[in-house]
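Before any comments, here is the structure.
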Amino acid sequence: MEKIKIVFMGTPDFAVPILKSLIENYHVVGVVTQPDKKVGRHQEIKYPPIKVVAVDNNITVLQPKNIREEYQEIIDLKPDIIITCAYGQIIPKELLDYPKYGCINVHASLLPKYRGGSPIHRAIINGDSKTGVTIMYMAEKMDAGDIISKKETIIEDNDTLETLHDRLSILGKILLLNTLPKIIKGEVSRIKQNEDEATFAYNITREDEKLDFNKTTREVYNKIRGLNPYPGSFTTLDGQIIKVYNSKMSDRVYTTKQNGEITAIYKDGIGVSVKDGEIILTEIKIAGKNKVRVKDYLNGIDKEKLLGKKFM
């Protein structure tokens, strides 16, 4: 197979196994990622995960603030194909039209479902039974290009954002390695997306993170695991913000409790009344403190005083 020049565009951890596999098997001439960020109290510079991989492998790194205006350096690398994965900016037409083999994207959903920046979160939060990875040709419209290949995976009942994220990342790596030779040989078909079936996974907002105990046990459980570990769901108790990372469903039903009211203190969790029963919170983080298992949190407080209080 001819030695093609690849420019890879991506930013978060999800794209790391995909980039590494390309470095091992192909000629990556450049990596494009988002600008570095200042984090923490001391405003230390933090590289995007993809930049770390590129630097470790002595690959040219470009970090345009606005790729619609700052794309010439990418063209100067003369890529035969551009591969993107969770990059974070819309690619301009000038770049889409340049490479010999086009621009392709590795997306963490079964398109046209969940176009956008939070497809893994939304699949779990919405209680889907399956999801997957799609490789598509890129278009100017977000995640709307022609489909090249897909691979499904089951969403297990105990999957969190973290476990499903990691599984889909590996699935994307494998699918890309299987698909790329066919693209180069011209052996792939272009399947148009059905716009009538398109749904959107917009980036998670602060409002999305808030738990609503007026929902069912299953809905609350799905939201908690769909936001674990990032950014985490939250509620408030006595005016204090509490992040919730893990829970389990209970089959107990209360007819005299208000939704959000603490119903019971268990050995490993705090029971909370919801629309159709009870959810048990098992891992939390109080503002300014470390994440803890609820059974450890309960060791240091008067458990009886919690009963009857209400999460808001």
### Task
Compute the distribution of all C-alpha to C-alpha distances in the stretch 207-305, in bins of 5 Å from 0, and list the percent of pairs in each, rounded to whole numbers.
3, 14, 26, 28, 20, 8, 1, 0
## Note on the structure
When the chain is treated as a Gaussian network with springs between alpha carbons less than 10 Å apart, the largest mean-square fluctuation among 176, 95, 237 is found at 237
### Task
Report ³J(HN,Hα) in whole Hz for each residue of the stretch 266-274, in order, from the Karplus equation J = 6.51 cos²θ - 1.76 cosθ + 1.60 where θ = phi - 60°; Gly and Pro get x.
9, 4, 10, x, 10, x, 10, 6, 10
#### Entry: Net charge, residue 50 excluded, C-beta distance under 15 Å - Lys, Arg +1, Asp, Glu -1
+2
### Query
Given the chain, what percent of its DSSP beta bridges are antiparallel, to the nearest 5?
70 percent
#### Entry: Interchain or long-range residues, amide H under 5 Å from residue 266's placed H
271
#### Entry: the stretch 157-256: chymotrypsin sites (Phe, Trp or Tyr not before Pro) in DSSP coil with no more than 14 other Cβ atoms inside 10 Å
202
### Query
Taking K and R as +1 and D and E as -1, what net charge do the other residues with C-beta under 15 Å from the C-beta of residue 165 add up to?
-2
### Task
Calculate the dipole size of the chain relative to its Cα centre from +1 charges on Lys and Arg beta carbons and -1 charges on Asp and Glu beta carbons; express the result in debye to the nearest 20.
560 debye
#### Entry: Label of the coordinate-derived value, semi-axes √(5λ) of the Cα gyration tensor in Å, listed as (1) 43, 21, 15; (2) 32, 20, 18; (3) 39, 21, 17
(1)
### Message
As a quick test, which of the pairs 210/289; 243/303; 215/303; 130/150; 38/210 have an alpha carbon distance above 23 angstrom in this structure?
### Response
215/303; 38/210
#### Entry: Protection-proxy order for peptides 36-42, 26-32, each taking the mean of Cβ atoms within 10 Å per residue, highest first
26-32, 36-42
### Task
Within the set of other residues whose C-beta is less than 12 Å from the C-beta of residue 240, count the net charge using Lys and Arg as +1 and Asp and Glu as -1.
+3
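We did not get these values from a lab; they are worked out from the coordinates using the rules stated. This structure is a prediction, so every number in the text was calculated from the model and none was measured. Positions of Cβ are backbone-derived with ideal geometry, glycine not excepted, and every protein chain shown enters the neighbour counts.
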